[in-house]
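Student: Quick one: the structure is below, and I'll ask about it shortly.
The values are calculated or read from the model by the stated rules, or taken from the named source; none is laboratory data. Since the structure is predicted, the reported quantities are computational estimates derived from the model, not experimental observations. Positions of Cβ are generated from backbone atoms using ideal geometry, with glycine treated the same way; all protein chains shown enter the neighbour counts.
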Amino acid sequence: MNRLSPADKLREVVTIMCELGYDASMKQVSEDYAEIIASNCIYYKIANERQGFCALDLSFLASLLKANIEHKECIVKKGNYCCFAVAGSTE
């Protein structure tokens, strides 16, 4: 994934998430800020029982994108969807 443009990296990560079972999409807000939206959580039952489990998603995304990830909205915390803000370089 290192030779891909930042937008292509985001699209590839969304594709990977969909392959894992997420209903995920990407919203490019600006050149250096995007959001990944997941309308489901493949770990919902576990995450609902174990507070902090969502850190797995954050680590996964940060590792793949080499970017800062903020969990802006969470289904487990009664949000309508999970929203992961991607800010900064995706190398």
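Student: Quick one: in region 12-26, which of the residues that are among the aliphatic types (A, V, I, L, M) and part of a strand (DSSP E or B) is surrounded by the most Cβ atoms within 10 Å (Cβ to Cβ)?
Tutor: Among those residues, the one meeting the criterion is A24.
Student: Here's another thing I want to ask about it. Small (G, A, S), at pLDDT 95 or above and at positive phi: is that true of G21 in this structure?
Tutor: Yes.
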